[in-house]
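A.B. asks: Can you read through this structure? Questions will come right after.
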Amino acid sequence: MTVPELLLCISQEENTAPFPLGGVKIYALEEALFHTFHHWKEAAEEFCGAGFIEWVDETLHLPSCAAKIREIAGLSSFQEKLLAFCRLLPYFEEKDLLKLKAEATAWEKRLEWEKWKEQGDFFLRQGYPEKSLVFYRKAIEKEPRADLFNNMAVALTQLRRYPEAVERFRQALDLRPDHPRLLMNYAEAAIFAKDLEAAKQTLETLAQFHSHRFYPDAAEMNRLYGELSWASHQFTAAEGYFKKALELKPDPDCFYRLSDLYTALKRFDSALDVIRHVHPKDPAYWLKRAEIMAASGQPREAVAAIESALISYPHEIKLWIRLAEYCRLNHDLTRAAPAALQALSIDPANPAARFENARVKKALGKTREYQAELRQLLASLKDAYRESDAAEV
């Protein structure tokens, strides 16, 4: 049996400022190599990027490695860059690198739009819709397909950029005019974009799909009619549609939307009763429960709900952000401040965590720190918007 060789980490300093590489936080150069080797498609745009090189240079204090990565970034093909990067340190065996080379070469020969779509889909699944837009734009430039326009529209919907999402769904429908899933997606985006007449006409079109090849999902149709009725201020009708949808399919998202309706109508007991039917009691459930308690003027009970969730989900950043918020609203700043810091320790770049941390500082009377954090946050959000907005050009 061969005893594996122990390799010392190239950097002996503790690092508390991670870099988000391919949707994963990494703290050391060795981690970057390991993640890139195993998830090179997702990290393809980043392991030789300016931001990563700067992090290696200034955060890890490895200027010689940063200089080598700059040289690697100038290589002509992707597989050359990938292999050179993975050889930066004596971390992998040559036989594994040769296998990686074969995989990367085959991937590089694929149609370019497929590769961009694959990367966009990855970031969309991981909850980074802004990043996914960049890849969908590149894919559409090469091949303007209906599924690419649809996925870009889904990302825009997650970013609540509803009018833009509607336009992308329209472009998808221009290519696939009778595609039922596209029609449903378009109808939903039109509702949230306040284009209620377009949404109504689309749902009426869907209701006529009774052919052998497609029959509209009755639960989904009722949910969409519930959304349309709510947007039209027909609250009783909306309640009926949501209930009918839940009779057909007990979907957690529909339970939450019905509870949102009850909360908007200040029927807080009904909102709480609805979400009791959701299983399992995951972070989304506890966040919704806390939201209802806070809306009903019970911040202490909201805090208690979040704390209950954190027992089972201690690494869920949304829970820590909400705990900081509710403690702040309850004027309990001694608990709000560490909760905000805990959220930042999970993801230092998270905009919601940074904003809540800034609000806690303001509540503590640390005006200068609050203003400085707010300026930095706004600058980073503008940069992120410019990047995602470029995807729309």
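The values are calculated or read from the model by the stated rules, or taken from the named source; none is laboratory data. These numbers were taken from a predicted model, which means no experiment stands behind them. Here the Cβ is made from the backbone with ideal geometry for all residues, glycine too, and neighbour counts use every protein chain on show. To get the accessible areas, we keep the full protein, side chains included, count just its heavy atoms, and leave off ligands, DNA and RNA. Shrake-Rupley method; radii C 1.70, N 1.55, O 1.52, S 1.80 Å.
A.B. asks: Measure nothing fancy, just the Cα-based angle from helix 235-248's long axis to the longest principal axis of the chain, in degrees from 0 to 90, nearest 10.
C.D. replies: 60 degrees
A.B. asks: Running a GNM on the chain with Cα contacts under 10 Å, which residue among 53, 292, 311 ends up with the highest mean-square fluctuation?
C.D. replies: The residue that fluctuates most here is 311.
A.B. asks: Heads up, I need the accessible area for residue 317: 1.4 angstrom probe, whole protein in place, Å², nearest 10.
C.D. replies: 30 Å²
A.B. asks: Among 90-97, 59-66, what's the highest-first ranking by average C-beta atoms within 10 angstrom per residue?
C.D. replies: Per-residue mean Cβ counts within 10 Å order the peptides as 59-66, 90-97.
A.B. asks: Kindly express, to the nearest 10 degrees and within the range 0 to 90, the angle between helix 29-38's C-alpha long axis and the longest C-alpha principal axis of the chain.
C.D. replies: 70 degrees
A.B. asks: What lysines could a cross-link reach from residue 131, if we take a straight Cα to Cα line under 22 Å and drop same-chain neighbours fewer than 8 places away?
C.D. replies: 25, 41, 81, 115, 117, 142, 318, 382
A.B. asks: Helix-derived [θ] at 222 nm for the chain: sum -39500 (n - 2.57) over DSSP H runs of at least 4, divide by residue count, nearest 500?
C.D. replies: Rounded to the nearest 500, the figure is -22000 deg cm²/dmol.
A.B. asks: Also, quick follow-up: Determine the share of the chain's accessible area contributed by carbon and sulfur atoms, expressed in whole percent, with a 1.4 angstrom probe.
C.D. replies: Carbon with sulfur: 53 percent of the solvent-accessible area.
A.B. asks: Still on this model: Once you've got the GNM for the chain with C-alpha springs shorter than 10 Å, pick whichever of 157, 105, 263 has the biggest mean-square fluctuation.
C.D. replies: 105
A.B. asks: While we're here: Before I look further, what does the range 30-86 give for accessible area per residue, probe 1.4 Å, in whole square angstrom?
C.D. replies: Roughly 43 Å² per residue, with all protein chains present.
A.B. asks: Rolling a 1.4 Å sphere over the protein heavy atoms, what is the accessible area per residue of the range 141-239, to the nearest Å²?
C.D. replies: Ligands and nucleic acids excluded, the result is 51 Å² per residue.
A.B. asks: Let me ask something else. Rounded to the nearest whole Å², what accessible area per residue is found for the range 261-369 with the 1.4 Å probe?
C.D. replies: For the range 261-369, the per-residue accessible area is 52 Å².
A.B. asks: Quick one: helix 63-73 against the long Cα principal axis of the chain, what's the angle to the nearest 10°, folded into 0 to 90?
C.D. replies: 70 degrees
A.B. asks: Okay, next question. Which net charge results for the neighbourhood of residue 325, defined as the other residues with beta-carbon distances under 12 angstrom from its beta-carbon, given Lys and Arg at +1 and Asp and Glu at -1?
C.D. replies: +2
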